[in-house]
Amino acid sequence: MSNPQAAVARPAVLGDLVPGRLVRDVALVVGAAVFVGIAAQISVPLPGTPVPVSGQTFAVLLSGAALGLNRSAISMALYALAGTLGVPWFAPGAPSGWHFASYGYILGFVLAGAVVGALAARGGDRSPLRTVLTMTLGTVLIYAVGVPWLMAMTHSGFGAALSMGVRPFLIGDALKVLLAAGLLPAAWRLVRR
């Protein structure tokens, strides 16, 4: 027979290690939104595309894994909503509001954060291989929402949108996934000690 207290004490995601409940959850949600906003400031515009290289996706994926499904989805929705309403934390050069070519990627953050969070709660961030698979899926989901938006906003076809919104980012996103695959399992090893 299992011990109910042992089941409660075992954290599903790294965010569960922070004590408190409501205050913890609010702090984690707001903190993750701010983290993504700060990471967005690490941004490099690329010629031929309205989508910059930025630290946002890495912050989204880490936040998703650390917070779990609900907190991550809420934090990414908060990030998108606050930026839409005027908080200047989208990548430099991106206006507030929603009417710009890379906003679809921001909407994709909500979906990716939720899915990565759900997978992390099931152990998707405990080993390097699982983390690579989880983070790769999160990245694909960001593209899946961002590319159609990019197509609509730039009046371009699918091939042109892939050239503007996916191909220039594949190597950088692969490096982000590998970095996460080193960081997250290492964080869990430290927690177990």
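The values are calculated or read from the model by the stated rules, or taken from the named source; none is laboratory data. Remember, predicted model here, so these are calculated numbers, not experimental data. For the accessible areas, the whole protein counts, side chains as well, though only heavy atoms, and no ligand, DNA or RNA atoms are used. Shrake-Rupley method; radii C 1.70, N 1.55, O 1.52, S 1.80 Å.
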Probe 1.4 Å, heavy atoms of protein chains only: per residue, the accessible area of segment 147-192 in Å² is 55
Asserting the computed 222 nm helical MRE of the chain (DSSP H runs at least 4 long, -39500 (n - 2.57) per run, divided by residue count, to nearest 500) equals -22500 deg cm²/dmol
Note on the chain: contact order normalised by length, alpha-carbon pairs under 8 Å, 6 or more apart, percent, works out to 22
For the chain, the longest principal axis of the Cα atoms and the Cα long axis of helix 69-84 enclose an angle in degrees, to the nearest 10, of 30
With the 8 Å Cα cutoff and a minimum separation of six or more residues, segment 92-193 has a relative contact order in percent of 33
Share of accessible surface on carbon and sulfur in the chain, whole %, 1.4 Å probe and ligands ignored, is 73
Given a 1.4 Å probe, the accessible area of segment 17-109 per residue, as a whole number of Å², is 45
